[in-house]
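> I have a structure here, written as structure tokens, and I will follow up with some questions on it.
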Amino acid sequence: MKLGILFSGGKDSTYAAYLARQGGNEISCLITIKSENKESFMFHIPSIEQTKKQAEVMEIPLLIARTKGEKEKELLDLEKAIEKAKKKYKIEGIVTGAVESVYQSSRIQKICDALGLKCINPLWKKNQIQLLTELIANKFEVIITGVFAEPLDEGWLGRKIDEKFIEDIKKMQEKYKISPSGEGGELESFVLNCPLFKRKLEIKSFKDFGEKNSWIREIKVE
Amino acid sequence: MILLINICKEKLHYYEFVKPIEDILKKENIKYFTRRYKEIENEDLEEAEKIMICGTSLKDNDFIENINYFLWVKNFKKPLLGICGGMQIIGLIFGGKLKKKTEIGFYSEDFKKEFLGIFGKQEVYHLHNNSVSFGKDFEEFTESRINQAVKHKKKEIYGVLFHPEVRQKDLIINFCNK
């Protein structure tokens, strides 16, 4: 089946793409939505421009759509982008990295239903510690590029998702109810390498922005 | 031992509609085994103490086109729970008809009677393009205009149109432990 991936460059959408490929499907394109609104309800993603580099090393076409990020208007922008992908790449379905968010997944389900596309959510309701463990087992190299919840601070930026990270984030889950995979918007991540990549991406430079418990690491990769 | 029936045509949909239920059972130490619906043998039906027919995606109508694979449902005497597509299967086997009805996302449903431990107003997750009618052998448990939660009046056969694996995990656990 020819599939389009709703792609943010983070661990969930990349791992969903990996599972789709493992299932014998063709990944025909990646679709990235760039929101101009930092408080976007659907698409607030640090380092979104770097998805171009990820698409290059995956050798998969990338379709970037821009949105002003107004609450329901951004859904129309998403619908247009998916419709464009359907026409251009003849995709039969959309894959998302949705794990818990009914807000996001139900809106994407409606768009796909209206466009006659299958909507596939291979990480849906997945245990979040299990998800992190599978990323490591499948040789995903993922770093944290954003933290947005107390008591996470800038010390978490750039951390690699490894056994130690899982151990530490479990403690945060127990004590502060932080979602381990950042499903509540607590964390953003970026994939530097995985089995879909032809080569590993290296961080060329980065800059940290933020205060207190809200930090973003803007990275440039090559 | 619970038999989980996978009705998904696309293999990837297993992760979305079957695995979350497997994970709930695993967490509760409830033993289960899973079969794709076209691969069910008589031995599987005999081995199972209870059966759950899991749901599938909005565009997947494969199970409707192959409804004859479910003729065993009519004479099945052990507890059976159909979720979304699974409920549609039960309805069709008992002579009901499908009607176009799309509901996607959270909806409020009011359970007028206790249904597998669920009662009163509930926020349920819907993901379906059809509802199904049931005859007089079945009782409806919600105030909804379409069948959302039904039970056979004489048998332990249940159907829910919503996805309890999202917000009503206890319903699944209660069915297994009943």
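The values are calculated or read from the model by the stated rules, or taken from the named source; none is laboratory data. Quick caveat, the model's predicted, so the values are computed rather than measured. Every residue, glycine as well, gets a Cβ built from its backbone with ideal geometry; the counts of neighbours run over all protein chains shown.
> Quick one: is residue A:78 assigned to a helix (DSSP H, G or I), within 22 Å of residue A:182 (Cβ to Cβ) and at pLDDT 95 or above?
Details: assigned to a helix (DSSP H, G or I): yes; within 22 Å of residue A:182 (Cβ to Cβ): yes; at pLDDT 95 or above: no.
So residue A:78 fails the test.
> Do the conditions hold for residue B:71, that is, is it among the aliphatic types (A, V, I, L, M) and outside any strand (DSSP E or B)?
yes
> Condition check: more than 14 Å from every other protein chain (Cβ to nearest Cβ), surrounded by 20 or more Cβ atoms within 10 Å (Cβ to Cβ) and either on the phi > 0 side of the Ramachandran plot or in contact with a Cys (Cβ under 8 Å, 6 or more places away or on another chain) (or both). Does residue A:108 satisfy that?
When the stated conditions are applied, residue A:108 does not pass them.
> Next question, about the same structure. Kindly establish whether residue B:156 is in contact (Cβ under 8 Å) with a residue 60 or more places away in the chain, more than 14 Å from every other protein chain (Cβ to nearest Cβ) and among the acidic types (Asp, Glu). Break it down stepwise before answering.
Numbers: in contact (Cβ under 8 Å) with a residue 60 or more places away in the chain: yes; more than 14 Å from every other protein chain (Cβ to nearest Cβ): yes; among the acidic types (Asp, Glu): yes.
Answer is yes for this residue.
> Could I ask something else about it? Considering only the stretch A:127-139, state which residues are more than 15 Å from the chain's Cα centre (by Cα) and either within 12 Å of chain B (Cβ to nearest Cβ) or aliphatic (A, V, I, L, M) (or both).
A:127, A:129, A:130, A:134, A:136, A:137
> Identify the single condition in (1) aliphatic (A, V, I, L, M); (2) assigned to a strand (DSSP E or B); (3) within 14 Å of another protein chain (Cβ to nearest Cβ) that residue B:166 does not satisfy, given that it satisfies every other one.
(2)
> Within the stretch A:141-154, is there a residue that is outside any strand (DSSP E or B), more than 14 Å from chain B (Cβ to nearest Cβ) and touching a strand residue (DSSP E or B) at 6+ places or on another chain (Cβ under 6 Å)?
Within the stretch A:141-154, one or more residues are outside any strand (DSSP E or B), more than 14 Å from chain B (Cβ to nearest Cβ) and touching a strand residue (DSSP E or B) at 6+ places or on another chain (Cβ under 6 Å).
> So which of A:141, A:154 ends up being closer than 22 Å to residue A:219 by Cβ and touching a Cys at 6+ places or on another chain (Cβ under 9 Å)?
A:141
> Give the residue that is surrounded by the fewest Cβ atoms within 10 Å (Cβ to Cβ), with candidates limited to residues of the stretch A:111-121 that are more than 7 Å from chain B (Cβ to nearest Cβ) and either modelled with pLDDT under 90 or assigned to a helix (DSSP H, G or I) (or both).
A:114
> Hey, another quick one. Here is a list: B:30, B:7, B:51, B:40. Which entry is among the aliphatic types (A, V, I, L, M) and closer than 21 Å to residue A:121 by Cα?
Values: B:30 fails: closer than 21 Å to residue A:121 by Cα; B:51 fails: closer than 21 Å to residue A:121 by Cα; B:40 fails: closer than 21 Å to residue A:121 by Cα.
Answer to the check: B:7.
> Further, regarding this structure: Keeping to the stretch B:124-153, report how many residues are within 14 Å of chain A (Cβ to nearest Cβ) and either in contact with a Pro (Cβ under 7 Å, 6 or more places away or on another chain) or not aliphatic (A, V, I, L, M) (or both).
So the count comes out to 5.
> Restricting attention to the stretch B:1-51, which residues are crowded, with 16+ Cβ neighbours inside 10 Å and among the polar types (S, T, N, Q)?
Within the stretch B:1-51, B:6, B:34 qualify.
> Can we say residue B:78 is more than 30 Å from residue A:118 (Cα to Cα), basic (Lys, Arg) and over 17 Å from the mean Cα position of the chain (by Cα)?
Answer is no for this residue.
> Follow-up. Within the set of pairs 6 or more residues apart or between chains, which connect a residue that is without any contact (Cβ under 8 Å) to a residue 60 or more places away in the chain inside the stretch A:147-159 to a residue that is of a type in the set (A, V, I, L, M, F, W, C) and surrounded by 14 or more Cβ atoms within 10 Å (Cβ to Cβ) with Cβ atoms less than 6 Å apart?
Pairs that qualify, where the first residue is without any contact (Cβ under 8 Å) to a residue 60 or more places away in the chain and the partner is of a type in the set (A, V, I, L, M, F, W, C) and surrounded by 14 or more Cβ atoms within 10 Å (Cβ to Cβ), are A:156/A:144; A:156/A:147; A:158/A:143; A:159/A:144; A:159/A:165.
> What pairs can you find where one residue is in the stretch B:62-76 and farther than 18 Å from residue B:135 by Cα, the other is outside any helix (DSSP H, G or I), and their Cβ atoms are less than 6 Å apart, with a gap of 6+ or different chains?
B:62/B:9; B:63/B:7
> Quick check on my filter: what residues within the stretch B:17-40 are more than 16 Å from the chain's Cα centre (by Cα) and either within 14 Å of chain A (Cβ to nearest Cβ) or modelled with pLDDT under 95 (or both)?
B:23, B:26, B:27, B:28
> Within the stretch B:8-46, which residues are within 26 Å of residue A:20 (Cβ to Cβ), assigned to a loop (DSSP other than H, G, I, E, B) and charged (D, E, K, R)?
Result: B:9, B:10.
> Can you tell me which of A:98, A:65, A:85 is within 11 Å of chain B (Cβ to nearest Cβ) and either part of a helix (DSSP H, G or I) or among the aliphatic types (A, V, I, L, M) (or both)?
A:98
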